[in-house]
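*Asks:* Sharing a structure with you now.
We did not get these values from a lab; they are worked out from the coordinates using the rules stated. Since this is a predicted model, take the numbers as computed values, not measurements.
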Amino acid sequence: MKQWYRFVAIFVGLMLCSCAYVTQAKQASIRVEFEKSAKDYNKLLRWREVENAGMIYMDPELRDAFMKSAEEFKNRGVTITEYRILTSECLPEKGTAEVVAEFDYYTLPSNRIKTVTYRQNWTYLDTVVKKGWQLKSGLPPFD
């Protein structure tokens with residue numbers, strides 16, 4: 001009888017350890033997916049693919065407002081020359097992340113380089129319809 005309890009205790013211990021490992025592996029995977037999404041989104045902005053960035057990464061409820069900003073971005077002739085991700089924090093257990101990026105840009109006809117800081121708030125969706133990171137913040141003002 002004593003051996004039976006020992007077997008059950010070992011089995012339960014192994015199950016708990018494996019669950020913890022699976023949870024950590026899933027969180028690491030979500031974190032890697034976030035880093036890729038944030039990098040790809042900012043690259044799309046850099047290469048003037050603002051509409052594509054919005055269609056891929058923007059929360060559907062905020063997409064219309066984003067697309068209006070994207071149209072204004074294009075009409076004003078905003079060109080991003082470089083971007084830097086200053087900080088990036090991902091909390092997979094909460095399904096949230098934040099990026100603070102800095103963009104160097106100019107607007108035609110001026111060739112003066114300006115800089116804007118862009119705080120991006122992200123959420124992770126894991127539903128039947130969509131799985132992945134979505135942006136919850138619109139474009140910054142490119143003055």
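*Asks:* Cross-link partners among lysines for K39, C-alpha distance below 17 Å, same-chain residues fewer than 8 apart left out?
*Replies:* Cα-Cα hits under 17 Å: K136.
*Asks:* Using 31 Å as the Cα-Cα cut-off, could you pick out the over-long pairs in K68/K130; K94/K114; K74/K94?
*Replies:* Cα-Cα > 31 Å for K94/K114; K74/K94; rest within.
*Asks:* Pairs of Cα atoms under 8 Å, at least six residues apart: use those to get the relative contact order of the stretch 80-143, whole percent.
*Replies:* Numbers: 117 pairs, mean separation 16.3, N = 64.
So the answer I get is 25 percent.
*Asks:* So what is the relative contact order for the stretch 23-109, in percent, with contacts set as C-alpha pairs under 8 Å and at least six apart?
*Replies:* 28
*Asks:* Determine the shape class of the stretch 44-90: with a ≥ b ≥ c the square roots of the Cα gyration tensor eigenvalues, call it rounded for a/c under 1.5, and otherwise prolate if a/b is greater than b/c, oblate otherwise.
*Replies:* Oblate, since a/c reaches 1.5 and b/c is not below a/b.
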